[in-house]
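Just so it is clear, none of the values below were taken in a lab; they were calculated from the coordinates. Nothing here was measured: the structure is a model prediction, and the numbers come from that model. Backbone-built Cβ (ideal geometry, glycine too); neighbour counts: all protein chains shown.
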Amino acid sequence: MHATQDIVSIWSKFDNFPMETLTKAWYFQRGGETKQREVSLMREHRLQYGIAGNCFDLSLWLLHEFSEAGLKAYPVFTPDAHVAVIAVNDSGHRYFCDLGDQWLAPVLVDSTHPDFTTERMTGFFPAAEIQVSVEGEDLTFAYHRPNGKSSHQTFSLRPVPHQEFMQAAEICQRNRNLKPLLECRVPFAGQRAHWEFYDWESAESTDKGIKREPRNLDVAYWCSKIHEKTGYDPDFLEEALQIYASRRTSSEK
C-alpha cells in the first residue's frame, strides 16, 4: 500500500511542512486582491520566514511539484471541501496524498492492484491505524485511534478541474477564521507524532494517547512554542498570532 519511489521522492520534500492558518491571516492583511498565493510566492515565503500554509496552499504546491516531475496529479475534495491530491505513478497506479491532514505517507487507492488491502494499517497517519475502501468514485478512510475511538472521512475520486480548485482555494483564503490552527508532524520515540495548536490550546497525539496542554492566551508563549516545533520566524509568528488575538478580543465584545 506504500507509494513507489517516484511518488515518495516528491512527497518527502514536504516532510517538515506544517499545515496552518497563521499564514492565511498574515497574508490576508498584507496581500493583494488575490488571496491564494502562487507557488513562486509560497517558495519565497518559505525561504524568508520558514512558513508553509493551509490545505489549499499545500495541495497547490504539491500538484506543482508532481507536474514538474512529469507525473500526473489532480486535486480531490471531501463534501466539505477539504482538499487532497491523487498522484499517478509511472505505472498508472493512483496514490492518495494529504498534506493538509498531515499524513505520514501516501497510500494506494487502486482497489484492483494486487497490493491493495482493506485491513488496518499503521505508518500512514499519525497516532492512528487506517483502513481504505473504494466504491466507485467514493474513497473512504477509517481512522482507529489508541483510545478505541474511530472516525471516517470520504473523498470523491473525481478530479477537480483546475478552475474549480482555484475558485475554492480563493474562497477558503478569504474566509476569516477566528481561531488559529497549526498542525505538524513531530519526532516521538523513533516515530512521528501529531502536534496541534488550535484556539490557544495544544495537543500531542501519539500511539500512547493524547497529551493536552490547557488554554493559554499568552501570544509570546505560543510564539516560542510554535517556533520550537516548526522553526517559523518569530517575528512572523508574533504578527500572525496578534491578528488572531485581535479577532478573539473583537468577537468577545
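The charge dipole of the chain, taken about its Cα centre with unit charges on the Cβ atoms of Lys, Arg (+1), Asp and Glu (-1) only, comes to about 620 debye. Relative to the longest principal axis of the Cα atoms of the chain, the long axis of helix 39-49 makes an angle of roughly 50 degrees.
Centroid-to-centroid, using Cα positions, the range 1-51 and the range 207-241 are 19 Å apart. For Y221, Y244, Y74, the sequence from fewest to most other C-beta atoms within 10 Å is Y221, Y74, Y244. Across the cross-link table entries K13/K149; K179/K229; K24/K229, which are compared at the Cα atoms, the separations over 24 Å belong to K13/K149. Take the Cα of Y198, step 7 Å toward its Cβ, do the same at Q131, and the gap between the two points is 2.4 nm. Here's the picture: charge each Lys and Arg Cβ at +1 and each Asp and Glu Cβ at -1 in the range 5-252, and of L157, P126, L104 the one pushed furthest to the positive end of that dipole is P126.
The alpha-carbon atoms of the range 123-182, seen along their principal axes, cover 37, 35, 17 angstrom, with the largest extent given first.
Overall, the range 1-134 carries a charge dipole of about 380 debye about its Cα centre when +1 sits on the Cβ of Lys and Arg and -1 on the Cβ of Asp and Glu, all other atoms neutral.
Applying Stokes-Einstein at 20 °C and 1.002 mPa s to the Kirkwood radius of the range 112-223, computed over alpha-carbon pairs, gives a translational diffusion coefficient of 126 µm² s⁻¹. Per residue of the chain, the DSSP helices (runs of n ≥ 4 H) give a summed -39500 (n - 2.57) that works out to -10500 deg cm²/dmol at 222 nm. Radius of gyration (Cα atoms) of the chain, expressed as a multiple of 2.2 N^0.38 Å: 1.01.
Rounded to the nearest 10 degrees, the inclination of helix 162-174 to the longest alpha-carbon principal axis of the chain is 30 degrees. Any idea how far the Cα center of the range 163-189 sits from the one of the range 100-162, in Å? Spelled out, the Cα-based centre of one part sits 20 Å from the other.
When D15, D101 are sorted by how many other C-beta atoms sit within 10 angstrom of their C-beta, beginning with the fewest, the order is D15, D101.
Among R30, R192, the order by Cβ neighbours within 10 angstrom, fewest to most, reads R30, R192.
For the range 5-252, the relative contact order comes to 19 percent (Cα pairs under 8 Å, sequence separation of at least 6).
Averaging 1/r across all pairs of distinct Cα atoms in the range 201-253 and inverting the result yields a Kirkwood radius of 12.4 Å.
Hey, with R₀ at 30 Å, roughly what FRET efficiency would E44 and D218 work out to, going by the Cβ-Cβ distance, to 0.05? It comes to 0.50. May I ask for the angle, rounded to the nearest 10°, between helix 55-68 and the longest principal axis of the chain, with both axes built from Cα atoms and the value confined to 0 to 90°? Taking the Cα atoms of the chain, the angle to 55-68 is about 50 degrees.
Take the Cα of R176, step 7 Å toward its Cβ, do the same at M121, and the gap between the two points is 4.3 nm. Based on Cα contacts under 8 Å between residues 6+ apart, the range 1-140 shows a relative contact order of 22 percent.
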